[in-house]
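We did not get these values from a lab; they are worked out from the coordinates using the rules stated. Not measured: the values here are computed from a predicted model. Every residue, glycine as well, gets a Cβ built from its backbone with ideal geometry; the counts of neighbours run over all protein chains shown.
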Amino acid sequence: MTPHVAVLFGFGINCDHETKAVFELVGATAERVHVNRFVTGDVSLDTYDILAVPGGFSFGDHLGSGRLLGNRMRFAMRDALRSFVDAGKPIIGICNGFQVLVKTGLLPGPDAGESPDFIQRASLTLNDSGRYEDRWVTLEFDPESPCIWTKGMTRMECPVRHGEGKFVMPTASDLDRLEANHQVTVRYVDPSTNLGGRANETVLPYPTSPNGSMRNIAGICDSTGLVFGLMPHPEAVYARWLHPNHTHPSSQPSGEALDGWEGEGLQIFRNAVDHVKATHRG
């Protein structure tokens, strides 16, 4: 089967074309669907296998990044989103899409075994730098995370483009619980450190951490591993030549597809497509 992806657009979302393209590069069919078509019932979410909420500036970031689109989805698409997650279908939110999923309450979500309750448990707030950050960062993935999107991934370099990317939760125990469940899927790391080192609770200095996120969190998943959000833009590094150092002699081809010019970010989307195909075969 060929997985069918719904890529949201409208109201200031501006990374929908790129997100659609990367899913198609890894074997899915993708369709840009205006949010209002789901809200009005003109299109049914359950006809899709994957939902992607791309980056951008939904509703101009009025009242905070992702707040208005998050509320629109939280109330007008509540039943459809709950059914989608309960059916075991993957969802990704990138940058503004991550902010949206956090503010809908889909991330980090309730305890394992419970349906989405749409209670907001975290937030993404203003960068410590006090400004919009557009730069490349190094990410490291938790190999024990249940996240189906990051399976087999270790480290990658990826761009960030945001003004409100600082991940926060009310208490240290909230963060401890996320870490114990391996829902802290991806962190900002110093590229000079060894892979798989002890997770650093101390916020890394700027610009290694571009925003000052608690415990250097760059992305999280829900307890099922199906719903995933991250501030960096993996769709922006689908090809090696998109990296600013791609012509450096030390730059080596990565990935097995597209004659060696595949970028590291494409694997995130392939993982979800492969998961859906395996689920249907099973």
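What list of ³J(HN,Hα) values in whole Hz, one per residue of the stretch 87-97 in order, does the Karplus curve 6.51 cos²θ - 1.76 cosθ + 1.60 (θ = phi - 60°) give from phi, with Gly and Pro shown as x?
Taking θ as phi minus 60°, the curve returns 7, x, 9, x, 9, 10, x, 10, 6, 4, x Hz for the stretch 87-97.
If the only charges are +1 at each Lys and Arg Cβ and -1 at each Asp and Glu Cβ, what is the size of the charge dipole of the chain around the Cα centre, to the nearest 20 debye? Walk me through the numbers before you get to the answer.
Numbers: 25 positive and 33 negative charges, 78 e Å.
It works out to roughly 380 debye.
By how many nm would the segment from Asp176 to His4 lengthen if fully extended, with 0.36 nm per residue of separation less the alpha-carbon distance? It would help to have the intermediate numbers written out before the result.
Working: separation 172, 0.36 × 172 = 61.92 nm, distance 3.57 nm.
The Asp176-His4 span can extend by a further 58.3 nm.
Check cross-link reach from Lys166 to the aspartates and glutamates: straight Cα distance under 13 Å, and skip same-chain residues fewer than eight apart.
Those aspartates and glutamates meeting the cut-off are Asp128, Glu133.
Sequence neighbours fewer than 8 away in the same chain don't count; with that in mind, list the lysines whose C-alpha is under 20 Å from Lys151.
Cα-Cα hits under 20 Å: Lys89, Lys277.
Give me, ordered by chain and number, the residues 5 or more places off Ala218 or on other chains with an amide H under 5 Å from its own placed amide H.
Val186, Arg187, Tyr188
How much of the DSSP beta bridge set in the stretch 4-281 is antiparallel, as a percent to the nearest 5? Provide the component values of the computation, followed by the final result.
Numbers: 21 of 37 bridges.
Antiparallel bridges: around 55 percent, rounded to the nearest 5.
For the chain, list the cysteines whose Cβ sits under 4.7 Å from no other cysteine Cβ?
Cys15, Cys95, Cys158
Can you run the Rg to Rh ratio on the stretch 153-231? Use alpha carbon positions and the Kirkwood inverse-distance Rh. Walk me through the numbers before you get to the answer.
Working: Rg = 12.2 Å, Rh = 13.1 Å.
Computed over Cα atoms, the ratio is 0.93.
So who's got an amide H within less than 5 Å of the one on Ile13, skipping anything under 5 residues away but keeping other chains? H placed 1.01 Å off N, in plane.
The list, which skips near neighbours in sequence, is Phe57, Phe59.
Cα gyration tensor of the chain, axes a ≥ b ≥ c as square roots of the eigenvalues: rounded (a/c below 1.5), prolate (a/b > b/c) or oblate? All intermediate terms of the calculation are to be shown ahead of the outcome.
Details: a/c = 1.39, a/b = 1.13, b/c = 1.23.
It is rounded, given that a/c, with a ≥ b ≥ c, falls under 1.5.
Once phi is turned into θ = phi - 60°, what whole-Hz ³J(HN,Hα) does the Karplus curve with 6.51, -1.76 and 1.60 give for every residue of the stretch 66-73, x standing for Gly and Pro?
Values, residue by residue: x, 5, 6, 5, x, 5, 4, 6 Hz.
For the stretch 100-171, which trypsin sites (Lys or Arg not before Pro) pass both filters: DSSP loop (anything but H, G, I, E, B) and at most 12 other C-beta atoms within 10 Å?
Numbers: sites: Lys103, Arg121, Arg131, Arg135, Lys151, Arg155, Arg161, Lys166; in loops: Arg121, Arg131, Lys151.
Sites meeting the loop and neighbour criteria: Arg131.
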